[in-house]
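Laboratory data are not the source of any read-out in this text; all were calculated from the coordinates shown. From a predicted model like this one, the values you see are computed outputs, not experimental measurements. So basically every Cβ, Gly included, is an ideal-geometry build from the backbone, and we count neighbours across all protein chains shown.
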Amino acid sequence: MGADGGGDGTVGKALDVLDRVAEFGRPVRFSELLACGSYPKATLYRFLQALTHQGMLAYDPDRQTYAPGVRLVRLAHAAWAQSSLAPLARPFIDRLSADVGETIHLAQLDLGQVLYVDKRNAARPVEMFSQAGKVGPAFCTGVGKAMLAHLPPEALEQALDRQSFHRFTPQTLDSREKLLAELAAIRARGHSFDNEEHEPGIICIALPILTRAGRVMGALSITSTTARSTREALVGLAPRIAQTATEIAMAAESWRFPEAGGGA
């Protein structure tokens, strides 16, 4: 855990603790949180107590563990409905999935990383990292690079500062310089690829979902495997994914920024 909670004082530190509890993916003991963080014992306990009292965490006295609370679930549902592209994009990605028979991912940026907000499995599903609700790296995924390529300069610099450039596979772009060159190529050709950069055998083509003004709203990808497709074959699907991305963008803008009506 960061000692300063991202520079946002007490609120930032409390959210940092909340993030760490969620990252475990299971109920977690106080001792485990203490071992993986930098907060003193008394400070960590105080934050856990406050989060529990506010319903953001739930404490199990029998197992002596903490887990995300019901209030957090309620807020998550509200965020999903009001801020996520998933609800309004559902019919469009359902249709795209039925048309192409491959895995479809819908993603948005979350503090420089990829948040998968929806997914449709292929007709023949393949086990892979991405699942709705999971956070993944932006620098080595198709959806991540598609979004990074269209960020304004200041936002891009901030996002790049958050990349680990960990080498997941031999194909991973493991430096800022290599990624910047790839982002320029993505802007030129209009789509990005994951060329086995995050997981061996997994390839995809991705396009950004942009407002009419060019602001990044999210990204959409078609994902397959090297065993049953090629990058060239995925390029043939670019028009379909571009059409779907445009439809999602139009639906999102109409929902978030409706045309002014004439009625009182």
* For the chain, size of Cβ-based charge dipole, Lys and Arg +1, Asp and Glu -1, in debye -> 340 debye
* Read through the labelled values [x] 63, 40, 30; [y] 60, 57, 39; [z] 73, 47, 30 and report the label of the one computed as Cα extents along the principal axes in Å from the structure. => [y]
* Could you go through the stretch 14-23 in sequence order and give the Karplus-derived ³J(HN,Hα) for each residue, using 6.51 cos²θ - 1.76 cosθ + 1.60 with θ = phi - 60°, rounded to whole Hz, and x for Gly and Pro? => 5, 5, 4, 5, 4, 4, 5, 4, 5, 4
* Asked: Where a ≥ b ≥ c are the square roots of the eigenvalues of the C-alpha gyration tensor, would you call the stretch 5-74 rounded, which needs a/c under 1.5, or, failing that, prolate if a/b is larger than b/c, or oblate?
  -> oblate
* Could you list which residues have their amide H under 5 Å from that of ARG29, counting only those 5 or more apart in sequence or on another chain, with H placed in the peptide plane? => TYR66
* **Tilt relative to the chain, helix 238-256 - C-alpha long axis, 0 to 90 degrees, to 10** => 50 degrees
* Give me the angle, in degrees from 0 to 90, between the Cα long axis of helix 176-189 and the longest principal axis of the Cα atoms of the chain, rounded to the nearest 10. => 40 degrees
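Using Cα-Cα distances under 8 Å and only pairs 6 or more residues apart, what relative contact order does the chain have, in percent?
Details: 419 pairs, mean separation 35.8, N = 264.
Result for the chain is 14 percent.
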* Cα-based helix-to-principal-axis angle, 41-53 vs the chain, degrees rounded to 10 -> 70 degrees
* Structure fact -> Between GLU197 and residues 5 or more places away or on another chain, the pairs with built amide H atoms under 5 Å apart involve none
* Structure fact -> Sorted by chain and number, the residues with a modelled amide H under 5 Å from that of LEU210, at a separation of 5 or more or across chains, are MET217
* To do: Report, in deg cm²/dmol and to the nearest 500, the calculated mean residue ellipticity at 222 nm for the chain, where each DSSP H run with n ≥ 4 adds -39500 (n - 2.57) and the sum is divided by the residue count.
  => -14000 deg cm²/dmol
* **J(HN,Hα) series, the stretch 147-154, from Karplus relation 6.51 cos²θ - 1.76 cosθ + 1.60, nearest Hz, glycine and proline x** => 6, 4, 4, 10, 7, x, x, 5
* Structure fact -> Of all lysine pairs in the chain that are eight or more residues apart or on different chains, those with Cα atoms under 28 Å apart total 7
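Using 1/(1 + (r/R0)^6) with R0 = 41 angstrom and r between the beta carbons of ARG212 and ARG124, what's the FRET efficiency to the nearest 0.05? Spell out each step's value before the answer.
On the way: r = 37 Å, r/R0 = 0.90.
Rounded to the nearest 0.05, the efficiency is 0.65.
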* Structure fact -> Note, the stretch 161-169: 3J(HN,Hα) by Karplus (6.51, -1.76, 1.60, θ = phi - 60°), whole Hz, Gly/Pro = x, goes 5, 9, 7, 8, 6, 5, 8, 6, 9
